[in-house]
Amino acid sequence: MNKKEAILKSVLKLVNRGGFYHLNMKNIAQEADVAAGTIYVHFKGKEELINALYQMVVSDFNAHVLKGYNPERAFRENFFEMMNNAVGFYLDDPDGFSFIEQYTYSPLIFKETQQENFIILEPIYQMVRDAIRLKEVKDLPEALLVAMVYGPLEMMMKFHLARKTDLTKHTNRQQLVNTCWENIALNPAAPPPTPAGKKIRRKSAVKTND
């Protein structure tokens, strides 16, 4: 881990522990085990630190969620894998979850940072648009579909952190993912559609003699 990354990781811990307005360069330097002057080599101030941290956490989240994504598969298959990836990311990095939940719509996040965030998340939004076009999910505004998925995920993570549920248990995790899918799927009970360009080979019901 380089010094810049160590500084950002330290900010993540400190801001979740005491909030932005209790953050100062002295305690960041102590937590990161660097000189206070080193922080200013990379960042102009606290606002720039928070925005750099936000970009880092969102980029890490997006990369983790899209791990294993295959454009040749049906959206439903990718959805289940991405949702399990998202839960896994938050379980492994509860500080990252708390930070995203707290700062996504904070006035501390620059407009430019928000725009870059939308660019980072564009592959996910494009998948949603394709799924609407292919009638795999409900024809609703993208923002509403995302809310119908992320809302339950966010609340269940809060319950997990409060020890009111345990998302490390496979059954609980799958119940969450299934519920999110049922929220947006046009036909939740239907089997996953065949990816475009591929055909399902079915065994003939009539036997023939060669």
- Number of the condition not met by ARG73 [criteria: (1) over 17 Å from the mean Cα position of the chain (by Cα); (2) assigned to a loop (DSSP other than H, G, I, E, B); (3) free of Cβ contacts under 8 Å to residues at least 40 places away in the same chain]: (3)
- Task: Could you grab me the full set of residues in the stretch 1-16 that are closer than 11 Å to LEU49 by Cβ and in a loop (DSSP other than H, G, I, E, B)?
- Result: none
- Item | Members of the stretch 1-28 found to be closer than 21 Å to LEU108 by Cα and of a type in the set (A, V, I, L, M), listed by number | ILE7, LEU8, VAL11, LEU12, LEU14, VAL15, LEU23, MET25, ILE28
- Which residue out of PHE79, PHE75 is in contact with a strand residue (DSSP E or B) (Cβ under 8 Å, 6 or more places away or on another chain) and either under 18 Å from CYS180 (Cβ atoms) or surrounded by fewer than 18 Cβ atoms within 10 Å (Cβ to Cβ) (or both)? PHE75
- In this structure, is ALA86 closer than 23 Å to PHE159 by Cβ, in contact with a helix residue (DSSP H, G or I) (Cβ under 8 Å, 6 or more places away or on another chain), at pLDDT 90 or above and surrounded by 14 or more Cβ atoms within 10 Å (Cβ to Cβ)? yes
- Query: Across the stretch 98-137, which residue is surrounded by the fewest Cβ atoms within 10 Å (Cβ to Cβ) among those that are more than 18 Å from the chain's Cα centre (by Cα) and part of a helix (DSSP H, G or I)?
  - Reply: LYS111
- Task: Can you give me the ranges of the helices (runs of 4 or more DSSP H) entirely in the stretch 17-65 with at least 2 residues that are of a type in the set (A, V, I, L, M) and in contact (Cβ under 8 Å) with a residue 24 or more places away in the chain?
- Result: 46-65
- Considering ILE132, ILE100, ILE124, which residue is touching an Asp or Glu at 6+ places or on another chain (Cβ under 6 Å), of a type outside the set (Phe, Trp, Tyr) and assigned by TED's automatic domain parsing to the domain that holds LEU161? ILE132
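The values are calculated or read from the model by the stated rules, or taken from the named source; none is laboratory data. All of these numbers come straight from a predicted model, not from anything done at the bench. Don't worry about glycine lacking a Cβ; one is built from the backbone with ideal geometry, like all the others, and counts go over all protein chains shown.
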